[in-house]
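The values are calculated or read from the model by the stated rules, or taken from the named source; none is laboratory data. Note that the structure is a prediction, hence the values are computed from the model and not measured. Virtual Cβ from ideal backbone geometry, glycine too; neighbours counted across all protein chains shown. Each accessible area value is taken on the protein alone, full model and side chains, heavy atoms only, with ligands, DNA and RNA left out. Shrake-Rupley method; radii C 1.70, N 1.55, O 1.52, S 1.80 Å.
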Amino acid sequence: MANDAAKTKLETLKQQLVEKNQAQASDIREKANAVISELNLEGFELLDFVSSDAYTDMLKLAQNYSFEADVLQQANIISNEKTGILGTLKNGENKIYVLGHGANGSNEISSKRSASEEGYETVSSKGLAEQLSKGGLDKSFTDIRVESCYSADATAPESFDPEELKLSSEPGFIDAPDDPELDGTKVFPFAQSLANELKSAGFESPEVAGYHGAGKAYSEDAHRYQTLHTDDAPVARSSDVRQIFIPV
């Protein structure tokens, strides 16, 4: 975190998320057990139920919530103000991962999905570049990865076809005929905007990785996956739909 105040705020948010996920996991397990109790299942009927896809999916969802709570609980939040950790990162040895909720063509990422949620805050690509610069990150540092949803997309892709992803990464324009100030505004993927702003902030040759589509919250293995908000909801390995952006 940039400073001690931000560290304290994030630690509070982390604990809230831990407790929320733990409660959700417990609630799902209680509901699953309540079904068994209410239906008075025994013997083969009980065996059939606990072997069913519905029961398995409920337990899997509970396990995912518990796993996320455990990961959050173990996360160590560090204040750059106190430690100067950004200044110790070495190009070629370290990577910076940027987290936050994003959208295609947006110049901002946020702490929450909706502005109506408590704790909602945003940071622009320019603001983030300035934080990294003022925080002491070496100007030769290159490997920055934005894991926010649609960070490689100016427009939402309809599939993971390479040609479709190429089009989605190119600059787009806002279609808002009812808003003359916004209509026709040129937009870029967040990763592209960040690469541009890092260059403006004095970084020599920044490379920012963005990911096409929306990140899946849970995975059954150690890999990260992306999906699309389309009817068929395709899934792809995040590493397969990663794109590197350099300043333009």
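Results, tabulated for the structure shown:
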item: Sole residue being at pLDDT 95 or above, hydroxyl-bearing (Ser, Thr, Tyr) and within 15 Å of residue 98 (Cβ to Cβ), chosen from 168, 125; result: 125
item: So residue 47, is it in contact with an Asp or Glu (Cβ under 9 Å, 6 or more places away or on another chain), modelled with pLDDT under 90, open to solvent by 90 Å² or more (accessible area, probe 1.4 Å) and of a type in the set (A, V, I, L, M); result: no
item: Candidates 136, 184 - the one that is part of a loop (DSSP other than H, G, I, E, B) and in contact with a helix residue (DSSP H, G or I) (Cβ under 7 Å, 6 or more places away or on another chain); result: 136
item: Filtered residues of segment 20-42 (kept if open to solvent by less than 60 Å² (accessible area, probe 1.4 Å), in a helix (DSSP H, G or I) and at pLDDT below 90); result: 32, 34, 35, 36
item: Among the candidates 159, 114, 140, 151, residue that is open to solvent by less than 50 Å² (accessible area, probe 1.4 Å), free of Cβ contacts under 8 Å to residues at least 60 places away in the same chain, out of contact with any His (no Cβ under 8 Å at 6 or more places or on another chain) and not hydrophobic (A, V, I, L, M, F, W, C); result: 114
item: Answer residue from segment 177-204, given it is small (Gly, Ala, Ser) and open to solvent by less than 70 Å² (accessible area, probe 1.4 Å) and is farthest from residue 137 (Cα to Cα) among those; result: 184
item: Scope segment 35-67; condition closer than 30 Å to residue 14 by Cβ and not polar (S, T, N, Q); matching residues; result: 57, 58, 59, 60, 61, 62, 65, 67
item: Subset of segment 69-87 (residues that are in contact with a helix residue (DSSP H, G or I) (Cβ under 8 Å, 6 or more places away or on another chain) and either among the aliphatic types (A, V, I, L, M) or open to solvent by 60 Å² or more (accessible area, probe 1.4 Å) (or both)); result: 69, 72, 73, 75, 77, 78, 81, 82, 86
item: Selection count where residues are of a type outside the set (A, V, I, L, M) and surrounded by 14 or more Cβ atoms within 10 Å (Cβ to Cβ), scope segment 217-236; result: 6
